[in-house]
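Q: Following this message is one structure expressed as structure tokens.
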Amino acid sequence: MALVTGAGTGIGKAAAQTLLRGGYKVVLTRRNLDRLEKAIAAIGGNQSNSLAVSCDIGKLNEVTRLVAALSDHFGRIDALFNNAGMGAPAIPMEELTYEQWMNVVNANLCGAFLCSQEAIRMLKAQSPQGSSIINNGSISAYAPRPMSAPYTATKHAISGLIKAIALDGRPFNIACGPIDIGNAATEMTELMAARIMQADQSMKVDPRMDVDHVGETVLHMAQLPLESNILSMTIMATNMPFVGRR
């Protein structure tokens with residue numbers, strides 16, 4: 001069974017579909033329940049292999065409720081894809097409000113921590129122990145874009161969280177790794193297909209790739225035997241300006 005956060009659209013929906021086709025039962029979560037139910041129908045899910053649970057992953061009580069629903073319905077967890085996230089407006093750092101900063105921190109960092117924490121409690125208790133935890137990182141953890149302080153800071157933090165989980169999870173057969181994604185073609189990256197600010201302040205089109213390629217990579221990481229772990233994974237549009245970005 002696989003839990004996918006931010007699963008109603010984009011990368012999360014593509015990952016849920018690929019995991020389902022790969023033989024996993026899936027729990028899809030995001031705030032909007034209607035989007036989740038439509039996503040399940042679109043990916044070919046049904047009541048026996050899919051479950052939609054609305055959740056604000058930045059709130060502990062809602063994450064606790066999410067994992068309890070998962071446990072009641074499927075009994076165990078074999079993969080967690082911490083995918084949910086957001087960015088802030090591309091404005092100078094000093095113009096960002098505290099609320100804009102915290103919205104990104106709660107969604108990108110606190111959400112991944114809380115979901116991992118609740119999942120780890122379940123993973124240690126289940127038999128056999130263990131699972132794969134996959135976190136949606138970002139190329140911005142290595143080469144940030146201009147005016148992206150909240151997003152960039154949280155994605156750097158995700159890199160550290162992944163290493164901490166991978167280390168602390170060893171005795172319990174819990175593997176944890178990142179998938180750092182460069183421009184999957186989703187609603188979230190439509191601005192890149194128009195023009196987006198580059199490091200030299202110029203505005204250029206950024207190439208994108210088929211989002212299904214990300215879903216296939218998530219499935220590959222989830223299917224690895226737990227004796228192996230991918231601690232560094234970047235998948236990107238071949239021609240995007242990452243290698244050589246300045």
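The values are calculated or read from the model by the stated rules, or taken from the named source; none is laboratory data. None of the values given here were measured: they were computed from a predicted structure. So basically every Cβ, Gly included, is an ideal-geometry build from the backbone, and we count neighbours across all protein chains shown.
Q: Name the single residue, out of those in the range 76-116 being in contact with a strand residue (DSSP E or B) (Cβ under 9 Å, 6 or more places away or on another chain) and surrounded by fewer than 17 Cβ atoms within 10 Å (Cβ to Cβ), that is modelled with the highest pLDDT.
A: ARG76
Q: Going through the range 159-184 one residue at a time, which ones are more than 17 Å from MET236 (Cβ to Cβ) and surrounded by 20 or more Cβ atoms within 10 Å (Cβ to Cβ)?
A: Within the range 159-184, the subset more than 17 Å from MET236 (Cβ to Cβ) is 160-176.
Those that are more than 17 Å from MET236 (Cβ to Cβ) and surrounded by 20 or more Cβ atoms within 10 Å (Cβ to Cβ): LEU161, ILE162, ILE165, GLY169, ILE174, ALA175, CYS176.
Q: Among the residues of the range 124-139, count how many are under 15 Å from LEU231 (Cβ atoms) and in a loop (DSSP other than H, G, I, E, B).
A: Counting residues in the range 124-139 that are under 15 Å from LEU231 (Cβ atoms) and in a loop (DSSP other than H, G, I, E, B) gives 1.
Q: Which members of the range 39-55 meet the condition of being over 17 Å from the mean Cα position of the chain (by Cα) and surrounded by 15 or more Cβ atoms within 10 Å (Cβ to Cβ)? Walk me through it before giving the result.
A: Taking the range 39-55 and keeping what is over 17 Å from the mean Cα position of the chain (by Cα), we get 40-51.
Passing the criteria: ILE40, ILE43, GLY45, ASN49, SER50, LEU51.
Q: Let me ask you something else. Only residues that are more than 27 Å from MET1 (Cβ to Cβ) and aliphatic (A, V, I, L, M): list them for the range 132-177, please.
A: Across the range 132-177, the qualifying residues are ILE139, ALA141, ALA143, MET147, ALA149, ALA153, ALA157.
Q: So ASN61 clears everything in (1) at pLDDT 95 or above; (2) of a type in the set (S, T, N, Q); (3) under 19 Å from the mean Cα position of the chain (by Cα) except one condition, right? Which one?
A: Here ASN61 meets the rest and fails (3).
Q: Can you tell me which residue among GLU118, GLU94 is in contact with a Leu (Cβ under 8 Å, 6 or more places away or on another chain) and of a type in the set (Asp, Glu)?
A: On inspection, the qualifying residue turns out to be GLU118.
Q: Mind checking which pairs have a first residue in the range 209-222 that is under 17 Å from TYR24 (Cα atoms) and a second that is among the β-branched types (Val, Ile, Thr) and surrounded by fewer than 19 Cβ atoms within 10 Å (Cβ to Cβ), Cβ under 8 Å, 6 or more apart or different chains?
A: Cβ pairs passing all conditions: VAL214/ILE235; THR217/ILE235; MET221/ILE230.
Q: Another one. When only residues in the range 9-30 that are among the small types (Gly, Ala, Ser) and farther than 16 Å from ILE235 by Cβ count, which is surrounded by the fewest Cβ atoms within 10 Å (Cβ to Cβ)? Write out each step before concluding.
A: Taking the range 9-30 first, the residues among the small types (Gly, Ala, Ser) are 10, 12, 14-16, 22-23.
Now drop any that are not farther than 16 Å from ILE235 by Cβ, which leaves 16, 22-23.
Working: ALA16: 32, GLY22: 17, GLY23: 10.
Within the range 9-30, the match that is surrounded by the fewest Cβ atoms within 10 Å (Cβ to Cβ) is GLY23.
Q: Would you confirm, using the coordinates I've provided, whether ALA222 is touching an Asp or Glu at 6+ places or on another chain (Cβ under 8 Å), within 20 Å of ALA79 (Cβ to Cβ), at pLDDT 85 or above and in a helix (DSSP H, G or I)?
A: Answer is yes for this residue.
Q: Given the structure, is GLU62 out of contact with any Phe, Trp or Tyr (no Cβ under 9 Å at 6 or more places or on another chain) and either basic (Lys, Arg) or surrounded by fewer than 16 Cβ atoms within 10 Å (Cβ to Cβ) (or both)?
A: Here the answer is no, as GLU62 does not meet what is asked.
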